[in-house]
Amino acid sequence: MKRIFSILIIIVYTIISFSAYSASEVNVYSYRQPILIDPFFEEFTKSTGIEVNVLHAKKGLLERLLSEGANTPADLVLTVDISRLKQFVEKDVLTPIESSVLQKNIPSHLRDSNNRWFALSKRARVVVASKERVATGAIERIEDLTNPKWKGKICTRPGSHAYNRSLLASIVAAHGETEAEEWAKGLVANLARKPEGNDRAQAKAIFEGVCDIAIMNTYYYGKMKFNEKNPEQKDWANAITLIFTNQNDRGNHINVAGGGVVKHSKNKDNAIALLEFLTTPKAQALYSSINYEYPVNPIMSLSDELASWGEFKEDKLPIEKLAELAPIAQKIIDRVGW
Ligand code: FE
């Protein structure tokens, strides 16, 4: 499998290398899955005539950019989670972009203050609870998860996963390090089992009665609810309700998927055009319809499906704060054994 993947990488890379210097093209390094991102590129090519070449990978793109240096064929990087966007910034592989379109289409808390990365979609990390075993209104704040009444009732994936680390960073931002550590300790004390699996595995555990409460990104709910390939996941989705937390105070924690223009890009104008396209209503609607993510562009209203999950207030903490506080969050995670 690994070998096939490497060969695929080489093939795609060769295609990119051949076409790297054409003016009507843009080369994208993407951590986002082809099934998710390719429809966007088709739309972009249709409306601009600019061809998009993509290198999809699960890891190693930053290392590749660093080793390619000024010779890189890459123009644009797309990834999920602010911590990964921040890594690209820290290694200085992205360039600042002045674009009035991006300024207008993306609220300021969802982009880098130095314009090196831009969020293109939002993802809400919520509490999910058993429809049958947790009463409506029993949990309203993320802080409620430390209540001793939930002892042995909560499942999560490991704390050091970027999603949980960002969530904890948002709690550090809200309450400070000491209180955030108390929260993490309280959460760990309430766990039904050692942290394991991904987000969907927690919904499965609720379905199976292993626990009653979990933490999950909402798009997984949509992916399970409509999963024809693995229809058993429909049952997992059906077993849970989504709880948008902190609706009467700071709002529910969100993270982002986004991108930035590569410093050594040879097709910078095309890369900016593609980034801008991804913030237009047409592309923004695709984020919801394909992957159940939330649009960043404030003129968008929610798709019917997302609206049915509930309108919610989001935590407007500048997303870059999450990356800044991630090292503190990680230390807490190590100390409490999450
Ligand atoms: Fe995910």
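General observations
- Rg over Rh [alpha-carbon atoms, Kirkwood Rh] for the range 65-151: 1.19
- Sequence of 207, 41 from largest to smallest accessible area, 1.4 Å probe: 207, 41
- Here is the tail figure for the range 44-114: Cα pairs spaced more than 21 Å apart come to 37 percent of all pairs.
- Per residue, the accessible area of the chain comes to 44 Å², computed with a 1.4 Å probe over protein heavy atoms only.
- Spin-label model, residue 151/residue 35: points 7 Å from Cα along the beta carbon direction are separated by 4.2 nm.
- Beyond 29 Å in Cα-Cα separation lie the following of the pairs 58/263; 153/321; 151/204; 223/266; 204/316; 46/91: 153/321; 223/266; 204/316; 46/91.
- For the range 93-248, Kirkwood radius (reciprocal of mean inverse C-alpha pair distance, Å): 17.0
- Annotation: aspartates and glutamates with alpha-carbon distance below 14 angstrom to residue 122 (same-chain offsets under eight excluded): 81, 293, 311, 314, 315, 320.
- Legend: calculated FRET efficiency, residue 46 to residue 234, from the Cβ-Cβ distance at R0 = 41 Å, rounded to 0.05, equals 0.80.
- Packing order of peptides 308-318, 328-338, 246-256, highest average first: 246-256, 328-338, 308-318 (average count of other Cβ atoms within 10 Å over each peptide's residues).
- If R0 equals 41 Å, the separation of the Cβ atoms of residue 68 and residue 302 corresponds to a calculated FRET efficiency of about 0.55.
- Between the range 295-313 and the range 94-117, the Cα center-to-center distance that results, in Å: 22
- Magnitude of the charge dipole for the chain, about its Cα centre and with charges confined to Cβ atoms of Lys, Arg (+1) and Asp, Glu (-1), is about 720 debye.
- Nearest-ten-degree value, helix 177-189 long axis tilted from longest Cα axis of the chain: 60
- Accessible area of the range 103-152 belonging to carbon and sulfur atoms, whole % at 1.4 Å probe: 44
- Working from the Cα coordinates of the chain, the gyration tensor eigenvalues give, after taking √(5λ), semi-axes of 35, 21, 20 Å in decreasing order.
- Relative contact order (%) - criterion: Cα under 8 Å, at least six apart; region: the range 74-181: 20
- Value of relative contact order over the chain, rounded to a whole percent, pairs C-alpha under 8 Å and six or more apart: 27
- Placing dummy labels 7 Å off each Cα toward the beta-carbon, the span from residue 247 to residue 136 is 1.0 nm.
The values are calculated or read from the model by the stated rules, or taken from the named source; none is laboratory data. Since this is a predicted model, take the numbers as computed values, not measurements. For neighbour counting, all protein chains shown are included, and Cβ atoms are generated from backbone atoms with ideal geometry for every residue, glycine included. Surface areas here come from the heavy atoms of the whole protein model, side chains and all, with no ligands, DNA or RNA. Shrake-Rupley method; radii C 1.70, N 1.55, O 1.52, S 1.80 Å.
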